[in-house]
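One structure is given here, and the rest of the page talks about it.
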Amino acid sequence: TKIVAITGFKNSDSRYEITGFGHSPSLGIKRGVVYNIEQTINSINTAIQKAGVDDSDIFNNVYVGVAGQHIRTLKNRGIIDFENQESRINQEHLDELMERMYNTAIEPGEDILHVIPQNYILDKETGVENPVGMFAKNLQANFHIVIGQKAMLNNIKNCLSSLDKNVKSLILEPLASAKAVLTKHEKEMGVTLIDIGGGTTDIAVMSLGEIVASSSVRVGGDKFDTAIIRYIKKRHNLLIGERTAEELKMKVASA
């Protein structure tokens, strides 16, 4: 329902300080998909301007949250066999497994957004969090891979480039939300984060400190609006619009 822009910087204590915040109605985007480039650009620009960013500002590199029905996930496992002799695991081995995952076979027109290691297996020892420095004959790793439709992702990038903004990275929204609001203890114990947006509901399942599942459902807050419209029509024989239903929901609804 809205596009949000936040600006900030990392201070000398390595903590982030927020310097600006702005939002605007999400015209041109529905359920995470751009359907009108010009309206989307205008909405993004409005949010950026409200955040206090002008053309002369240093905030030209942006991170963009993405979600929607065009996002899907899969699991894959990578293996390195040291040919029956023990070898010491180093970071290069882990990087090699990650790189292999970016070559995972996907459908035409798709692009890999994230490759997230979940756990490692040394020989037959499972659940290893960080194998660097350990010895093994066989190294395996389980990965959570996030995939999006390339055309949808490129449309988002093009909207930002039209505003002279460089997209540093596209980030799965429920993953970003999980990093922002969940504690280390919650992620270790296991938790499901459910982010109900206007047109979609994003879900991230965390366990043992890592994301193990994620999805986006085409049900959001707009379904409540529809329910309110139907209820008032049936109960009072009055027809109201979506904007009025949204106002009623925000101001007087309770659950």
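What are the pairs, 6+ residues apart or on separate chains, where a residue within the stretch 232-252 that is more than 16 Å from G197 (Cα to Cα) and open to solvent by 100 Å² or more (accessible area, probe 1.4 Å) has its Cβ under 8 Å from a residue that is among the charged types (D, E, K, R) and in a helix (DSSP H, G or I)?
L239/K233
Out of L175, L113, I need the residue that is buried (at least 18 other Cβ atoms within 10 Å of the Cβ) and assigned to a strand (DSSP E or B). Which one?
On the way: L175 fails: assigned to a strand (DSSP E or B).
It is L113.
Could you say which residue among G199, G133 is at positive phi and in contact (Cβ under 8 Å) with a residue 12 or more places away in the chain? Reasoning before the result, please.
Values: G199 fails: at positive phi.
Within the list G199, G133, the selection yields G133.
Which one of I18, I44 is within 22 Å of L170 (Cα to Cα), open to solvent by less than 70 Å² (accessible area, probe 1.4 Å) and of a type in the set (A, V, I, L, M)?
Working: I18 fails: open to solvent by less than 70 Å² (accessible area, probe 1.4 Å).
Residue meeting the stated conditions: I44.
When A227 is evaluated against the numbered criteria (1) touching a helix residue (DSSP H, G or I) at 6+ places or on another chain (Cβ under 9 Å); (2) outside any helix (DSSP H, G or I); (3) aliphatic (A, V, I, L, M), which criterion, by number, is the only one it fails?
The failed condition is (2).
List the pairs whose first member sits in the stretch 59-70 and is touching a residue at least 60 places away in the same chain (Cβ under 8 Å) and buried (at least 18 other Cβ atoms within 10 Å of the Cβ), whose second member is assigned to a strand (DSSP E or B) and among the small types (G, A, S), and whose Cβ atoms are under 6 Å apart, counting only residues at least 6 apart or on separate chains?
A67/S216; G68/S216; H70/G148
For the stretch 93-131, what are the residues that are among the charged types (D, E, K, R) and more than 30 Å from L153 (Cα to Cα)?
Quick first cut of the stretch 93-131, residues among the charged types (D, E, K, R) only: 95-96, 99-100, 107, 110-111, 123-125, 129.
D123, K124, E125, E129 - these are the residues of the stretch 93-131 that are among the charged types (D, E, K, R) and more than 30 Å from L153 (Cα to Cα).
Quick one: in the stretch 116-150, which of the residues that are touching a Ser or Thr at 6+ places or on another chain (Cβ under 8 Å) and part of a strand (DSSP E or B) is modelled with the lowest pLDDT? Please lay out each step first, then the result.
First pass over the stretch 116-150, keeping only residues touching a Ser or Thr at 6+ places or on another chain (Cβ under 8 Å): 119, 135-137, 144-147.
Next, only the ones that are part of a strand (DSSP E or B) stay: 119, 135-136, 144-147.
Details: N119: 87, F135: 90, A136: 90, H144: 91, I145: 93, V146: 92, I147: 92.
It comes out as N119.
I need the full set of residues from the stretch 178-219 which are assigned to a helix (DSSP H, G or I), in contact with a Gly (Cβ under 9 Å, 6 or more places away or on another chain) and surrounded by fewer than 18 Cβ atoms within 10 Å (Cβ to Cβ), in order please.
Within the stretch 178-219, K184, E188 meet the criteria.
If a residue has to be in contact (Cβ under 8 Å) with a residue 12 or more places away in the chain, touching a Lys or Arg at 6+ places or on another chain (Cβ under 9 Å) and of a type outside the set (A, V, I, L, M) to count, how many in the stretch 1-45 make the cut? Step through it out loud before you land on a result.
Within the stretch 1-45, the first condition is being in contact (Cβ under 8 Å) with a residue 12 or more places away in the chain, and the residues that meet it are 1-8, 18-34, 37, 39-45.
Retained after the next criterion (residues that are touching a Lys or Arg at 6+ places or on another chain (Cβ under 9 Å)): 5, 20-26, 31, 43-44.
Next, from what is left, pick out any that are of a type outside the set (A, V, I, L, M): 20-26, 31, 43.
Residues that pass the stated criteria total 9.
From the list G197, G190, exactly one residue is out of contact with any strand residue (DSSP E or B) (no Cβ under 8 Å at 6 or more places or on another chain), closer than 27 Å to R218 by Cα and not β-branched (V, I, T). Which is it?
Working: G190 fails: out of contact with any strand residue (DSSP E or B) (no Cβ under 8 Å at 6 or more places or on another chain).
One residue alone meets the criteria, G197.
Scan (1) more than 30 Å from A47 (Cα to Cα); (2) exposed (fewer than 14 other Cβ atoms within 10 Å of the Cβ) for the single condition S161 breaks and write down its number.
Single failed check for S161: (1).
Considering only the stretch 21-40, state which residues are crowded, with 16+ Cβ neighbours inside 10 Å, assigned to a strand (DSSP E or B) and at pLDDT 90 or above.
G22, H23, S24
The values are calculated or read from the model by the stated rules, or taken from the named source; none is laboratory data. What you are looking at is a predicted structure, and each value in this text was computed from that prediction instead of being measured. Using ideal geometry, Cβ is built from the backbone for each residue, glycine included, and neighbour counts are taken over all protein chains shown. To get the accessible areas, we keep the full protein, side chains included, count just its heavy atoms, and leave off ligands, DNA and RNA. Shrake-Rupley method; radii C 1.70, N 1.55, O 1.52, S 1.80 Å.
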